Every structure is written in structure tokens, then in C-alpha cells.
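Reading through the C-alpha cells given below for one structure.
The values are calculated or read from the model by the stated rules, or taken from the named source; none is laboratory data. Since the structure is predicted, the reported quantities are computational estimates derived from the model, not experimental observations. Every residue, glycine as well, gets a Cβ built from its backbone with ideal geometry; the counts of neighbours run over all protein chains shown.
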Amino acid sequence: DAKTTQPPSMDCAEGRAANLPCNHSTISGNEYVYWYRQIHSQGPQYIIHGLKNNETNEMASLIITEDRKSSTLILPHATLRDTAVYYCIVRFVYTGRRALTFGSGTRLQVQP
Amino acid sequence: GAVVSQHPSWVICKSGTSVKIECRSLDFQATTMFWYRQFPKQSLMLMATSNEGSKATYEQGVEKDKFLINHASLTLSTLTVTSAHPEDSSFYICSAPGLAGGPEGNIQYFGAGTRLSVL
């Protein structure tokens, strides 16, 4: 699975969009980008995933650059409850079930 | 969506005692579950993979005799920390992958975690 690089921390004002970047310059053509988040003292939560097209669901939007070397997770209207560590994970689609490998993620602090 | 229930959420025990943590998939079957450990200010580290009906596989450096894993049914995996010591104090989290194939197969559902404090 490709290595990812994320800023260690970011701040965002409540009600504003939070844009969390992830660099994955060594991504291969059939690796997907997944985002999870972990609110303090809870288990991680899946947010969204994509291959090359932009994706949107009820939680967030995922923008993947055309060369796929980086992506941005967008929380359109951040709330205090979005304060969490966000993990960007790039991985193949495996035939078997394999555990996720978590990096250090980005700690997003939403400010009131 | 799929729900994974983990119990207890918090446990305090004396050094030398054993603690059992349960992880249940509530609305789906999980032939595989994963156990992670997380120390303060650190990321999740995989401890072991729990396989229904067979032995668990442990990551390098994780003592299999200390962290006993049992996956006796398609919805339940247990982690027992035997002879716990203060250095075992940590946040333990389980997860189960959904049954979907393709890229959705990489979506995992996590329990809420168990905070273990060994005195």
C-alpha cells in the first residue's frame, strides 16, 4: 500500500469548510484512497473512499487530483463534533480481508 | 450501516489479573476481526488478526500467550489480556471488515474501544 503524508494538525472555524490534504505520490493505478476519522476515545469511523473521480456522501467530499498523487477531504460545514484525527489510507483491493495500517493522521481542531 | 459492539468500554484491574474484552458484529457476520492497541498520542497498531474457527495470527512482537484471542462464532471475537501489568494499560480497539467485495471490502467497522487501566 502506498505511503501517505498528512499535516500533523489543522484548525478550522466552526461553520467553515475544513480541507484536509493527503499526499500519496507513489500511488499505483489500482489503489484506492480511503479516509477514516477517530474522535477522541472512540474507535475509528469510515468516511469515504475513491479511485480517481471526486466522491461525495453525507459526511464529506473527496477530491482526488488528476494525477492521483494527492487528495483532499472536505467537510463542507465543520462542527465542533468534527474535531478528530483524520486518517488517509491508500490501499489495493485485496481478495482477502486485511487490517488497515494507520499513519499518524491529521488532528483537526474545530474552533467555536 | 454495520455495527461492531465492544465491551467493556472501560476496565480497571489489579496487576496480575486477567481481563476479557468482547467484540461483536451486531448485524453482519465476520469471519475475520482485527485487534488494535493504541497508546496515548499514538496511532493504532495492529496486534492480531482473529479468524473464526482457527488460530489467530499475531503481529511481530505481540505475545500470543499474553493476549489470547478466541473467535468462536461468526459474530464474536474475544481478547483476553492475561496476567495484566501496568505496561498493558492502553486503548484496545477491534474491527471487522464488511462482507462487500471490491473496494468496499476495505471498509472496516470499528468498536468503540476498551480503555484498560492496570494498577
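Quick notes on this one:
- Criterion (surrounded by fewer than 18 Cβ atoms within 10 Å (Cβ to Cβ), in contact with a His (Cβ under 9 Å, 6 or more places away or on another chain) and farther than 25 Å from residue B:37 by Cβ) met by exactly one of A:14, A:66: A:14
- If the condition is being polar (S, T, N, Q) and more than 9 Å from chain A (Cβ to nearest Cβ), then the stretch B:10-50 contributes B:15, B:17, B:18, B:25, B:29, B:50.
- Taking the stretch B:3-71 and the strands (runs of 3 or more DSSP E) fully enclosed by it, the elements with 2 or more residues that are aromatic (Phe, Trp, Tyr) and modelled with pLDDT of 95 or more are at B:32-38.
- Flag: residue A:104 does not match the condition of being farther than 30 Å from residue B:50 by Cβ and either out of contact with any helix residue (DSSP H, G or I) (no Cβ under 8 Å at 6 or more places or on another chain) or of a type outside the set (Ser, Thr, Tyr) (or both).
- All positions within the stretch B:63-82 that are farther than 15 Å from residue B:96 by Cα and of a type in the set (S, T, N, Q): B:80, B:82
- Top-ranked residue of the stretch A:24-65 - restricted to ones that are in a loop (DSSP other than H, G, I, E, B) and of a type in the set (A, V, I, L, M), ranked as nearest to residue B:10 (Cα to Cα): A:39
- For the stretch B:16-35, the set of residues classified as closer than 14 Å to residue B:81 by Cβ and surrounded by 12 or more Cβ atoms within 10 Å (Cβ to Cβ) consists of B:17, B:18, B:19, B:20, B:21, B:22, B:23, B:35, listed by residue number.
- When the stretch A:87-99 is filtered for residues that are in contact with a strand residue (DSSP E or B) (Cβ under 6 Å, 6 or more places away or on another chain) and either touching a residue at least 12 places away in the same chain (Cβ under 8 Å) or polar (S, T, N, Q) (or both), the ones remaining, listed by number, are A:87, A:88, A:89, A:90.
- If you go through the stretch A:69-112 and keep only what is more than 17 Å from residue A:40 (Cβ to Cβ), at the interface with chain B (Cβ under 9 Å from one of its Cβ atoms) and surrounded by 14 or more Cβ atoms within 10 Å (Cβ to Cβ), you end up with A:89, A:91, A:92, A:93, A:97, A:98, A:99, A:100, A:101, A:103.
- Subset of the stretch B:26-50 (residues that are of a type in the set (Ser, Thr, Tyr) and over 12 Å from the mean Cα position of the chain (by Cα)): B:31, B:43
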